[in-house]
């Protein structure tokens, strides 16, 4: 998916946690999705972006994906954790979220920072100010953007988004809707963050999931995101749980070596 409609080059806000997810074909890597750096060694993205067996890498600190600007950090992906309830035959079924374990930790600096996540269960009010960011297509059937773009997408509350003239029952409570006018995500933006202003700070409330088959900016068909606040427990279990498991195995190895 890509930013479509009223979009502009990133400048007013710098989304330092935004990443480009790329797959290897031949000897080159190509952008396919976005994502969010949530821990130094972990990236959050959409399950449908990574449910095929490929060699992946993550690029941090990037702005123009066709130009090496010197601010980038290139990270290999050591493991893909897709939510166990994800069904690749039904994107609209929900559970469209995955975590990527990087082979090494990112270096936080002026170009790379961690995204802030909401508390479990937090729900956005209607028309909360949000931005979508990405390198996706700038119109239906268009080309992928070389430079990172952003578009304003105010949130749409669940009651409105699930009404019969909008998305109806397609949208589940574990999803967030945003947009629905001339702006939306599009192909290439999938997996990227929905950045929302909450309590004076920017919080990643959504993972870009899908748009209408009628086009990337169909009226009353806002972009649909995986609701991040519905998956905090699962993400903590995967990322923090594996950290403690690794530490335990390391400790057991040290104990064993002393006997």
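The values are calculated or read from the model by the stated rules, or taken from the named source; none is laboratory data. Only a predicted model underlies this, so the values are computations on that prediction, with no experimental measurement involved. We place every Cβ from the backbone using ideal geometry, glycine too, and count neighbours over all the protein chains shown.
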Residue count for segment 190-219, restricted to those that are under 14 Å from residue 18 (Cα atoms) and in a loop (DSSP other than H, G, I, E, B): 3
Meets criteria (at pLDDT 95 or above, out of contact with any strand residue (DSSP E or B) (no Cβ under 8 Å at 6 or more places or on another chain) and not assigned by TED's automatic domain parsing to the domain that holds residue 29) for residue 155: no
Unmet requirement for residue 117, which otherwise passes all of (1) outside any loop (DSSP other than H, G, I, E, B); (2) closer than 25 Å to residue 51 by Cβ; (3) under 18 Å from the mean Cα position of the chain (by Cα): (1)
Failed criterion for residue 199 (all others in (1) in contact with a strand residue (DSSP E or B) (Cβ under 9 Å, 6 or more places away or on another chain); (2) modelled with pLDDT of 85 or more hold): (1)
Positions within segment 80-105 being under 17 Å from the mean Cα position of the chain (by Cα) and more than 21 Å from residue 171 (Cα to Cα), in sequence order: 80, 81, 99, 100, 101, 102
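Does residue 82 satisfy being touching a helix residue (DSSP H, G or I) at 6+ places or on another chain (Cβ under 9 Å) and within 20 Å of residue 240 (Cα to Cα)? Walk me through it before giving the result.
On the way: touching a helix residue (DSSP H, G or I) at 6+ places or on another chain (Cβ under 9 Å): yes; within 20 Å of residue 240 (Cα to Cα): yes.
Here the answer is yes, as residue 82 does meet what is asked.
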